[in-house]
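J.: Right, I'll just put the structure down here and ask away after.
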Amino acid sequence: MEAKTPKISETVIRRLTDYLRCLRHAQIQGKTYLKSTELSQDCGHNPSIIRKDLAQFGAYGLKGTGYNTKELIDNLNKILGLTKPREVVLIGAGNLGTAMIKYPGFRSVNFKFTAAFDNDEQKIGHFIDETPILDLKDLNSFIQKHLIEIVILTVPASQTLGIIEHLDNHYVKGVLNFTSEILPSRKNDMFIHNIDLAKELEVISFCMKNCLS
């Protein structure tokens, strides 16, 4: 299987992350091989779509046996850029930001919170677990010193645009935006992904009404 990444849609990339999570779970259960039908049951995608997605990267399961679980995990990690630890900075050390830093799932997939930044003097100098809370005015110097490429925003919406414009985009290339301010997917040579939790609940509300019958 080739680890070289062809040009693919964001939709396919999101499915690859679903496959990876299901494969990790299967590996924990001791499954050496996994068929596309089994992967479909675990992650909710059609088996033919799974086979088509993986074939884009040269992965073809053995007939009657399926995909080698470890090999596929290793190659999906390469495709998604997860083979080395990535340092992440969080901006906004409030309740949501604190909960994210405390979430153990990030470290298990090679993402480490190096620091949190805030402009609240009562928070600066303290720690969230082992992550220091630093002064927001020192953000770019920290980014430059530690070669930070990924930033997570959990600040009030009114602060979002100012922070985005201030970020050193020579280093930062990815922003995960948890604020209610909707940003373009690409701005200042950075890829931005918006996550609106209220929007996700709206989807749940619709599906409860229309998708269960």
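J.: Just list whichever of LYS123/LYS145; LYS7/LYS112; LYS31/LYS112 have alpha carbons separated by over 24 Å in the model shown.
T.: LYS7/LYS112; LYS31/LYS112
J.: Next question, about the same structure. Antiparallel DSSP bridges in the range 124-209: what percent, to the nearest 5?
T.: 35 percent
J.: Related question: Cut-off under 19 Å on the C-alpha distance; same-chain residues fewer than 8 positions from LYS187 excluded. Which aspartates and glutamates are left, in chain and number order?
T.: Answer for LYS187, where 19 Å is the Cα cut-off: GLU10, GLU149, GLU165, ASP168, ASP196, listed by chain and number.
J.: Rg (Å, one decimal) plus Dmax (Å, integer) for the alpha carbons of the range 38-161?
T.: When restricted to the Cα atoms of the range 38-161, Rg and Dmax are 19.5, 61 Å.
J.: Under the rule of at least 5 residues apart or a separate chain, name every residue whose amide H is placed under 5 Å from the amide H of PHE113.
T.: VAL88
J.: Next up: Pull out the extension gain between ILE204 and SER9, defined as 0.36 nm times the separation in residues minus the alpha carbon to alpha carbon distance; nm, one decimal.
T.: Length difference between fully extended and current span is 67.8 nm.
J.: Now for a different question. Along the Cα-to-Cβ line of LYS70, 7 Å from the Cα, sits a label point; which residues in the range 11-28 have backbone N less than 17 Å from it?
T.: Inside the label zone: 23-28.
J.: Kirkwood Rh over Cα pairs of the chain into Stokes-Einstein at 4 °C, 1.567 mPa s: D in µm²/s?
T.: 67 µm²/s
J.: Which is the longest run of the chain containing none of the trypsin sites (Lys or Arg not before Pro) found in DSSP loop states (not H, G, I, E, B) with at most 12 other C-beta atoms within 10 Å?
T.: By the stated rule (loop sites, at most 12 other Cβ atoms within 10 Å), 64-213.
J.: What aspartates and glutamates could a cross-link reach from LYS63, if we take a straight Cα to Cα line under 18 Å and drop same-chain neighbours fewer than 8 places away?
T.: Partners within reach: GLU38, ASP53, GLU71.
J.: Please turn the phi angles of the range 78-93 into ³J(HN,Hα) values with the Karplus equation 6.51 cos²θ - 1.76 cosθ + 1.60 (θ = phi - 60°), one per residue in order, whole Hz, x for glycine and proline.
T.: So the J values, rounded to whole Hz, are 5, 4, 8, x, 10, 7, 10, x, 10, 7, 10, 10, 10, 10, x, 8.
J.: Could you pull out every residue, at least 5 positions away or on a different chain, whose amide H is within less than 5 Å of the one on PHE191? Hs are placed 1.01 Å off N in the peptide plane, and Pro or chain starts have none.
T.: Those lying under 5 Å, H to H, from PHE191 are GLY174, VAL175.
J.: Shifting gears a bit: As I understand it, the value is the acute angle between the Cα axis of helix 10-28 and the longest principal axis of the Cα atoms of the chain; what does it come to in degrees, rounded to 10?
T.: Around 70 degrees separate the two axes.
J.: How big is the dipole moment of the range 86-199 about its Cα centre under a simple scheme where the beta carbon of each Lys and Arg is +1, that of each Asp and Glu is -1, and everything else is neutral? Debye, nearest 20, please.
T.: Computed about the Cα centre, the dipole is about 380 debye.
J.: For the chain, what is the calculated [θ] at 222 nm in deg cm²/dmol (nearest 500), taking -39500 (n - 2.57) for each run of four or more DSSP H residues and dividing by its residue count?
T.: -12500 deg cm²/dmol
J.: Residue by residue through the range 42-59, what is 3J(HN,Hα) from phi via Karplus (6.51 cos²θ - 1.76 cosθ + 1.60, θ = phi - 60°)? Round to whole Hz and write x for glycine and proline.
T.: 6, 10, x, 9, 4, x, 5, 5, 4, 4, 5, 4, 5, 5, 4, 10, x, 9
J.: Stokes-Einstein diffusion coefficient for the range 10-78 at 25 °C in a medium of 0.890 mPa s, Rh from the Kirkwood formula over Cα pairs: what value in µm²/s?
T.: Result for D is 210 µm²/s.
J.: Here is a follow-up. Return the loop-located GluC sites (Glu not before Pro) in the range 105-211 (DSSP other than H, G, I, E, B) with at most 11 other Cβ atoms within 10 Å of their own Cβ; answer none if there are none.
T.: Filter output for the range 105-211: GLU121, GLU130.
J.: Under the Karplus relation 6.51 cos²θ - 1.76 cosθ + 1.60, θ = phi - 60°, what is the ordered set of whole-Hz ³J(HN,Hα) values for the range 152-164, x standing for Gly and Pro?
T.: Result, ordered by residue: 10, 9, 9, 9, x, 4, 5, 9, 4, 4, x, 5, 4 Hz.
J.: Near the amide H of TYR33, under 5 Å away, which other amide H atoms are found, from residues 5 or more places off or on another chain, if H is placed in the peptide plane?
T.: The list, which skips near neighbours in sequence, is THR69.
J.: Counting pairs of Cα atoms in the range 167-212, how many percent are more than 17 Å apart?
T.: When every Cα pair of the range 167-212 is considered, 47 percent fall beyond 17 Å.
Every number in this text was worked out from the coordinates using simple rules, so none of it is lab data. Just so you know, these numbers come straight off a predicted model, no measurement behind them. So basically every Cβ, Gly included, is an ideal-geometry build from the backbone, and we count neighbours across all protein chains shown.
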